[in-house]
1. What is the number of the single condition among (1) within 16 Å of residue 79 (Cβ to Cβ); (2) surrounded by 14 or more Cβ atoms within 10 Å (Cβ to Cβ); (3) at pLDDT below 90; (4) under 21 Å from the mean Cα position of the chain (by Cα) that residue 40 does not meet?
2. Checking residue 91 against (1) free of Cβ contacts under 8 Å to residues at least 40 places away in the same chain; (2) touching a strand residue (DSSP E or B) at 6+ places or on another chain (Cβ under 8 Å); (3) assigned to a loop (DSSP other than H, G, I, E, B); (4) surrounded by 11 or more Cβ atoms within 10 Å (Cβ to Cβ), only one condition comes out false. Which one?
3. Could you say whether any residue in region 93-104 is within 23 Å of residue 147 (Cβ to Cβ) and modelled with pLDDT of 95 or more?
4. Quick test for you: out of 109, 128, pick the one residue that is modelled with pLDDT of 95 or more, in a loop (DSSP other than H, G, I, E, B) and within 14 Å of residue 67 (Cα to Cα).
5. Might you let me know whether region 131-147 holds any residue that is in a loop (DSSP other than H, G, I, E, B), closer than 15 Å to residue 66 by Cα and touching a residue at least 24 places away in the same chain (Cβ under 8 Å)?
């Protein structure tokens, strides 16, 4: 465990804000962004990576969210990573060692499925449901995949960039004297 921590610390110092490195940690490509380690696993190896990181002390899932990169050609990814329309971003925290790590998983538009991590981090359950509601990313093995933010019968995913914005007519009341 201490060997992993020292290798993580050394990696952070040597690869500041680079996205073309071929260095790996637990099989995932490793980069750094603003001093934080960023791992880029495949969607198939994502769950296993989260388990390994839990064993290394990253026992708090601070944040899990989706991103739609439709039409965004400016994001920085390692050259070996094929950009997809959707991305899952997870931030983990090791409280005892006071360190953070970010996980970025590319999610295919045609097959937007990834394994749930709610069995490892129970607090991620609601965040996964929100990501499913807003982006349509499905979490395989999730204990309660029902919508959490949207009403029953809602069609579509509001944070997708191609989601048509609806219009609600606003009725103004006439003011006397104007």
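1. With respect to (1) within 16 Å of residue 79 (Cβ to Cβ); (2) surrounded by 14 or more Cβ atoms within 10 Å (Cβ to Cβ); (3) at pLDDT below 90; (4) under 21 Å from the mean Cα position of the chain (by Cα), residue 40 is out only on (3).
2. Against the list (1) free of Cβ contacts under 8 Å to residues at least 40 places away in the same chain; (2) touching a strand residue (DSSP E or B) at 6+ places or on another chain (Cβ under 8 Å); (3) assigned to a loop (DSSP other than H, G, I, E, B); (4) surrounded by 11 or more Cβ atoms within 10 Å (Cβ to Cβ), residue 91 comes up short only on (3).
3. no
4. Step by step, each of 109, 128 is checked, and only 109 is modelled with pLDDT of 95 or more, in a loop (DSSP other than H, G, I, E, B) and within 14 Å of residue 67 (Cα to Cα).
5. Yes, some residue in region 131-147 is in a loop (DSSP other than H, G, I, E, B), closer than 15 Å to residue 66 by Cα and touching a residue at least 24 places away in the same chain (Cβ under 8 Å).
The values are calculated or read from the model by the stated rules, or taken from the named source; none is laboratory data. No experiment lies behind these values; they were computed from the predicted model shown. Please note: Cβ atoms are built from the backbone with ideal geometry, for glycine as well, and neighbour counts cover all protein chains shown.
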